[in-house]
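I have placed the structure first, in the form of C-alpha cells, so that the comments after it can refer back to it.
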Amino acid sequence: MIELADVSFWYHGHDTPVLADVSLTVGEGELVLVTGRTGAGKSTLLGTLNGLVPHFTGGHLEGTVAVDGVSTADRPPREFAHLVGVVGQDPLAGFVTDTVEEELAYGMEQLGLRPPVMRRRVEETLDLLGIADLRRRALRTLSGGQQQRVAIGSVLTTHPQVLVLDEPTSALDPTAAEDVLATLARLVQDLGTTVLMAEHRMERVVPFADRMFYVPGDGSVLDGAPPDVLRDMPIGPPIVALGRLAGWDPLPLSVRDARRRAAPLRAALAESAPPPSTAETVDPPALTGTGVVVRYGSTVAVRGVDLDLHGGRVLTLMGRNGSGKSSLLWALQGSGPRQGGTVAVAGKDPRDLSSAKARRLVGLVPQNAGDLLYLERVADECEAADRESSAEPGSCRALLDRLAPGIDARAHPRDLSEGQRLALVLAVQLTASPPVMLLDEPTRGLDYGAKEALARTVAELAAGGRAVVIATHDVEFAAAVADRVVVMAEGEIVSDGPAADVLGASPAFAPQVAKILGPEWLTVADVRAALPEAVR
C-alpha cells in the first residue's frame, strides 16, 4: 500500500537532512505508530505520504514515495485526497466550514459524491465517533477534544485507503481517546484501512499497533514490532518503564499482560509504605472562586463552582471533553465570560482590572500557547513582556533560560518546537510574578522528555509558593505532578481530593502503574523509591 524507497529530505536552508536514505513498506490494513521526540521528523515523514512534503512545505526530496502504486512526485497533494486522509495536530486550522455537519460533508462534496451517499456517511460517522449531538454546533464553540473528533470524522467520511493522523488523541480525555482508537482499530480490521499515527502518548496507542516507526532525529527510521522497538528506545510509556525496572522480558504492552506478571513485584512492595497523600493545607487560599457560572447562549458550561487554590500546591483539573475545564480557567483569570459568582485574589476580582493588572494576579497559558505570541522574534516577545509587566529589562529572558535554555533570541516564535513555545509563553506570563498560574492542556504535543522538563518547572513554581492549576487529559502527567485532583462533569465538580485518592480509584483516570499494582501506586518513580535496593 505504501512504499518509501531511499527517501531523503532537506528543508531549505538546512544542510542536515531530516530523513536520510529511508526505505519502508506498509501493507494494507496495518496500524503503525510513529514516535520520537519533538522535532525529530515525524510530521515530515507523514507529510511525504500525500505529497505535502515537498510540494507544500518546500525543500528537496530524493527517492520515491508511492501510495497504492502512485508516486507523490507525479501528482499534486489534492489528487491524493481519495487515497490518503490527513488529520493534523491543530484541527481548528484545518476546518473550512462553520458547523460540524458541514465539515463532515465538505470533503465528499469536493470528491463529487452523490447527496444520498453523503448523507448516509455523515450519519455513520456521527454515530461512529459519538458526536451526533454536536451536528449543528459551530466548530469554534467546541472544546479542543470535540474539534479533534470532528477533524477525524471529516476525513473518515471520504473513506480513504490510508489514514494519516498527527497526535490524534492529544486533546481527548481518556475515554474519548479509547473510543477513537477503538474506531481506528475497527477500520483497520474490518475495512482494511492502513493507519499511520504519530503520537507522544504511547501508553494509549501501543496496544493497538501492529508496527512502530521510531524517528530518533538523526535522519533514520527504526522499524519493527512494538516490543522490539521499545526495548532499545530511550523513551517509553510508564508500562515499559515499569517492565524495565522489574526486569520483565519481553516487555508488556498492555495493562492485562503486566498484571499477569506483577505478582512478585506486588510482593516486593507489600512491606513498603506507599507515598503519603498530601495533607490538606490550612493556609489562606491564594484564590477563591465562589458560585462561578459560565454560559454560552443557552449552554451552561460552568454551574456554580466553588474552588479554593492554595499557594505551594499543584491542582490538576480533569474531566471529559466539554466538561467546563477551560471555561472555568478563563473565568478565574478574568478574561473569559462569567455570568455569575465571584473570584478573589488578594481581595480583588481580576475581571474588574485592566489586563496588565489582572496578569499580576493570575497568569494563564491557553491550550494553544502560540495564541499569545504575536511578534517576529523571541527577543521581541521577551522585551514586550518586560515592558507590559513593568519588570526589569531581561527578566523574561532570564526566566526563559531557566525553563528552556539555548533558545535563539532571533528565532521566530512560530518556528519553535511545542515545548519551546510553551516555555516562552510561560516565561511571558511569569514575568508579571502572579501568585496563581493556570495552564490549559500544557502537555499537548510534548514528548516524554519535554513533559519531564515541564513537571520540574511546575514543581519549582509550587516550591516558590505559587498556586498552580493544570487542566489536562494526560493522566500520567497528572499522577506525576498533582497534589490535588478535581474532576468536572457537565460544568460541576464531582470529585475533589488528594491525587492518590482521586486518580488511583478511578477506572477512567487511573495511571497505568495504579492499574497494575494497585491504587496507592501512581508512578514508576514511586515504585522505584519504595523498592528495596536488592530488588531494583
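The values are calculated or read from the model by the stated rules, or taken from the named source; none is laboratory data. Note that the structure is predicted; figures quoted are calculated from it, not measured. When we count neighbours, we look across all protein chains shown, and the Cβ atoms used for this are built from the backbone with ideal geometry, even at glycine. Side chains are part of the model used for accessible areas, which takes the heavy atoms of the whole protein and leaves out ligands, DNA and RNA. Shrake-Rupley method; radii C 1.70, N 1.55, O 1.52, S 1.80 Å.
Count, please, the residues in the range 455-475 that happen to be within 29 Å of residue 42 (Cβ to Cβ) and either part of a loop (DSSP other than H, G, I, E, B) or open to solvent by less than 10 Å² (accessible area, probe 1.4 Å) (or both).
6
Note down all Cβ pairs under 7 Å where the first residue falls in the range 496-518 and is closer than 12 Å to residue 315 by Cα and at pLDDT 95 or above, the second is small (Gly, Ala, Ser) and open to solvent by 30 Å² or more (accessible area, probe 1.4 Å), and they're at least six residues apart or on different chains.
none
Consider residue 15 against the criteria (1) more than 29 Å from residue 118 (Cα to Cα); (2) charged (D, E, K, R); (3) at pLDDT 90 or above: it satisfies all of them except one. Which criterion is unmet?
(3)
What are the residues in the range 386-435 that are in a loop (DSSP other than H, G, I, E, B), open to solvent by 40 Å² or more (accessible area, probe 1.4 Å) and touching a residue at least 60 places away in the same chain (Cβ under 8 Å), if any?
433, 435
May I ask you to list the residues in the range 342-385 that are in contact with a strand residue (DSSP E or B) (Cβ under 8 Å, 6 or more places away or on another chain), in a loop (DSSP other than H, G, I, E, B) and without any contact (Cβ under 8 Å) to a residue 60 or more places away in the chain?
Of everything in the range 342-385, just one residue is in contact with a strand residue (DSSP E or B) (Cβ under 8 Å, 6 or more places away or on another chain), in a loop (DSSP other than H, G, I, E, B) and without any contact (Cβ under 8 Å) to a residue 60 or more places away in the chain, namely 349.
Do you know which of the residues in the range 481-529 that are among the charged types (D, E, K, R) and open to solvent by 60 Å² or more (accessible area, probe 1.4 Å) is farthest from residue 322 (Cα to Cα)?
Of the range 481-529, the ones among the charged types (D, E, K, R) are 483-484, 490, 492, 496, 501, 515, 520, 526, 528.
Add one more test, that the residue is open to solvent by 60 Å² or more (accessible area, probe 1.4 Å), and what stays is 490, 492, 496, 501, 515, 520, 528.
Numbers: 490: 7, 492: 11, 496: 18, 501: 24, 515: 26, 520: 29, 528: 36 Å.
The extreme case among them is 528.
Within the bounds of the range 134-152, is there any residue that is at pLDDT 90 or above, surrounded by fewer than 22 Cβ atoms within 10 Å (Cβ to Cβ) and either of a type in the set (Val, Ile, Thr) or within 20 Å of residue 182 (Cβ to Cβ) (or both)?
No: zero hits.
Please identify the pairs in which a residue from the range 1-24 that is within 21 Å of residue 84 (Cβ to Cβ) has its Cβ atom under 6 Å from the Cβ atom of a residue that is among the aromatic types (Phe, Trp, Tyr), counting only partners at least 6 apart or on another chain.
18/9; 19/9
Of a type outside the set (A, V, I, L, M, F, W, C) and in contact (Cβ under 8 Å) with a residue 24 or more places away in the chain: does that describe residue 74? Explain how you work it out, then say what you get.
On the way: of a type outside the set (A, V, I, L, M, F, W, C): yes; in contact (Cβ under 8 Å) with a residue 24 or more places away in the chain: no.
It is false that residue 74 is of a type outside the set (A, V, I, L, M, F, W, C) and in contact (Cβ under 8 Å) with a residue 24 or more places away in the chain.
Between a first residue in the range 84-103 that is under 18 Å from residue 165 (Cα atoms) and modelled with pLDDT of 90 or more and a second residue that is among the acidic types (Asp, Glu) and crowded, with 20+ Cβ neighbours inside 10 Å, which pairs have beta carbons less than 6 Å apart while being 6 or more apart in sequence or on different chains?
Sorted first by the residue in the range 84-103, then by its partner, the pairs are 95/103.
Across the range 161-207, what is the number of residues that are of a type in the set (Ser, Thr, Tyr) and either at pLDDT 85 or above or open to solvent by 20 Å² or more (accessible area, probe 1.4 Å) (or both)? So that I can check it myself, show each step before the final result.
Of the residues in the range 161-207, the ones of a type in the set (Ser, Thr, Tyr) are 169-170, 175, 183, 193-194.
Now restrict to residues that are either at pLDDT 85 or above or open to solvent by 20 Å² or more (accessible area, probe 1.4 Å) (or both): 175, 193-194.
Within the range 161-207, residues that are of a type in the set (Ser, Thr, Tyr) and either at pLDDT 85 or above or open to solvent by 20 Å² or more (accessible area, probe 1.4 Å) (or both) number 3.
Tell me which residues, restricted to the range 475-508, are within 21 Å of the chain's Cα centre (by Cα) and closer than 30 Å to residue 298 by Cα.
Result: 485, 486, 487, 488, 489, 508.
Based on this model, can you work out whether residue 164 counts as in contact (Cβ under 8 Å) with a residue 40 or more places away in the chain, under 23 Å from residue 474 (Cα atoms) and in contact with a helix residue (DSSP H, G or I) (Cβ under 8 Å, 6 or more places away or on another chain)?
Spelling it out, residue 164 is indeed in contact (Cβ under 8 Å) with a residue 40 or more places away in the chain, under 23 Å from residue 474 (Cα atoms) and in contact with a helix residue (DSSP H, G or I) (Cβ under 8 Å, 6 or more places away or on another chain).
Test residue 478 against the stated conditions and say whether it is closer than 27 Å to residue 216 by Cβ and either open to solvent by 40 Å² or more (accessible area, probe 1.4 Å) or not in a loop (DSSP other than H, G, I, E, B) (or both).
In short, no.
What helices (runs of 4 or more DSSP H) lie completely within the range 229-279 and have 2 or more residues being over 29 Å from residue 450 (Cβ atoms)? It would help to see each step written out before you state the result.
Details: elements: 238-246, 255-261, 263-269.
Counting at least 2 such residues, we get 255-261, 263-269.
Among the helices (runs of 4 or more DSSP H) contained in the range 1-116, which hold 2 or more residues that are in contact with a strand residue (DSSP E or B) (Cβ under 6 Å, 6 or more places away or on another chain)?
Passing ranges, in order: 42-47.
Tell me yes or no: at least one residue of the range 246-267 is of a type in the set (Val, Ile, Thr) and over 19 Å from residue 476 (Cα atoms).
Within the range 246-267, none of the residues are of a type in the set (Val, Ile, Thr) and over 19 Å from residue 476 (Cα atoms).
For the range 285-341, name all the residues that are assigned to a strand (DSSP E or B), polar (S, T, N, Q) and open to solvent by less than 10 Å² (accessible area, probe 1.4 Å).
Correct list: 316 only.
Could you say which residue among 51, 94, 63 is at positive phi and either open to solvent by 30 Å² or more (accessible area, probe 1.4 Å) or of a type in the set (Asp, Glu) (or both)?
Among 51, 94, 63, only 63 is at positive phi and either open to solvent by 30 Å² or more (accessible area, probe 1.4 Å) or of a type in the set (Asp, Glu) (or both).
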